[in-house]
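The next block holds one structure in the form of structure tokens; read it before the comments.
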Amino acid sequence: MRKSEAKQLLEQARDFWKAEEWQLSADRYEEVLRSFPDEEGSSIWWFDAALAHKFLRNWEKAFELGKEAAARAPRGEADPAYWNLGIAATVLRDWPVARDAWSGYGITVPEGDGEIVGRYGMACVRLDTDGEREVVWAQRLCPTRARVVSVPVSAGRRFGEVVLHDGEPTGARVAEGRKHSVFDEILLFEPSELPTHGVTVTAPGAEDLEALFECFADRGFGAEPASSVKLLCTCCSEGSHEQKSGVDVGSGTQDFMLAAPADQVVALLDGWGRAAAGRSWQDLYPAG
């Protein structure tokens, strides 16, 4: 291929990129890279081609091209080539490459060779289920995976599932004076077996509702007041909002969402109810 032809193909690749024609853009970049893999500026072409395949959710190609992009990027300087490779490697569960990618980006990962399970702080993830979006709290396990610790209300979503999320924040939530980034979900990485239930509870004081929360949390299950769910338009959801990260509601009768095995939820509610005067529950139903 002559350089004049390569120049034309690169112009086409950029035009297709602007039009978000990811496949066509990637095709042009790859055609050029077959002839000029190490030309000056080729690191950007490798990166853009890999990123286009990430947008297409073609993880094998994003991984293949991402390795080439990372091989041409400086280590330890937060180069995005490593981040995108880390995502693709995680999707494919290639943990050695994922570990090396995060290290190349400049992030410390736990020692070992297998799956990365660390504590990278709390964040919020915007779940996306067939166009239905919901922001939930999650504990980050690695730079791109997080375990959901809210009880989702979206159909088919569950407390305890692990989601893979993007790295660019699209909003923020503020809890107890601390700002937490909101990341968009890329895919459901690991489903949860804990079903969701709805129930109406009556409690004489806020401490009784806190006890309900702890009753479930101590067993690795979830409990959350339905009042914690707030409907926001897309524009508002991508802004910064004050939000509670735990149970902070008054006494009285109200609806709760619970995440626990079906054969244990009644016993847990009964145990909570018997532990103090004035506590009761009713209208338990499966919610997902």
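Scanning the range 124-163 for residues that are of a type in the set (Gly, Ala, Ser) and in contact with a strand residue (DSSP E or B) (Cβ under 8 Å, 6 or more places away or on another chain), we see that the one that is nearest to ALA223 (Cα to Cα) is SER150. Checked against the criterion of being without any contact (Cβ under 8 Å) to a residue 60 or more places away in the chain and on the phi > 0 side of the Ramachandran plot, the range 68-88 has at least one qualifying residue.
The set of residues in the range 248-288 being within 27 Å of the chain's Cα centre (by Cα) and of a type in the set (Gly, Ala, Ser) consists of ALA259, ALA260, ALA262, ALA287, GLY288.
Each row is one residue, and each column tells you yes or no for (1) surrounded by fewer than 16 Cβ atoms within 10 Å (Cβ to Cβ); (2) modelled with pLDDT of 85 or more; (3) not in a loop (DSSP other than H, G, I, E, B).
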{"site": "HIS180", "(1), (2), (3)": "no, yes, yes"}
{"site": "ILE186", "(1), (2), (3)": "no, yes, yes"}
{"site": "VAL199", "(1), (2), (3)": "no, yes, yes"}
{"site": "ARG219", "(1), (2), (3)": "yes, yes, no"}
{"site": "LYS230", "(1), (2), (3)": "yes, no, no"}
{"site": "SER245", "(1), (2), (3)": "no, no, no"}
{"site": "THR253", "(1), (2), (3)": "yes, yes, yes"}
{"site": "LEU258", "(1), (2), (3)": "no, yes, yes"}
{"site": "GLY271", "(1), (2), (3)": "yes, yes, yes"}
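Filter the range 131-143 down to residues that are out of contact with any Leu (no Cβ under 9 Å at 6 or more places or on another chain) and in contact (Cβ under 8 Å) with a residue 12 or more places away in the chain and give me whichever is surrounded by the fewest Cβ atoms within 10 Å (Cβ to Cβ). If you could, list the steps in order and put the result at the bottom.
Residues of the range 131-143 out of contact with any Leu (no Cβ under 9 Å at 6 or more places or on another chain): 131-132, 137-143.
Pick out the ones that are also in contact (Cβ under 8 Å) with a residue 12 or more places away in the chain and you get 132, 137-143.
Values: GLU132: 12, TRP137: 23, ALA138: 24, GLN139: 15, ARG140: 19, LEU141: 18, CYS142: 23, PRO143: 22.
This residue is GLU132.
Condition first: buried (at least 22 other Cβ atoms within 10 Å of the Cβ), of a type in the set (S, T, N, Q) and modelled with pLDDT of 90 or more. Can you find one or more residues in the range 144-157 that meet it? Looking through the range 144-157, at least one residue is buried (at least 22 other Cβ atoms within 10 Å of the Cβ), of a type in the set (S, T, N, Q) and modelled with pLDDT of 90 or more. Which number in (1) in a strand (DSSP E or B); (2) among the acidic types (Asp, Glu); (3) over 29 Å from LEU85 (Cβ atoms) marks the one condition that GLU207 misses? Result: GLU207 fails condition (1) only.
Of the residues making up the range 55-81, those that are basic (Lys, Arg) and over 23 Å from VAL109 (Cα atoms) are ARG57, LYS61.
The values are calculated or read from the model by the stated rules, or taken from the named source; none is laboratory data. All figures in this text were calculated on a predicted structure; none of them were measured in a lab. Heads up, the Cβs are rebuilt from the backbone with ideal geometry, glycines too, and the neighbour counts pull from every protein chain shown.
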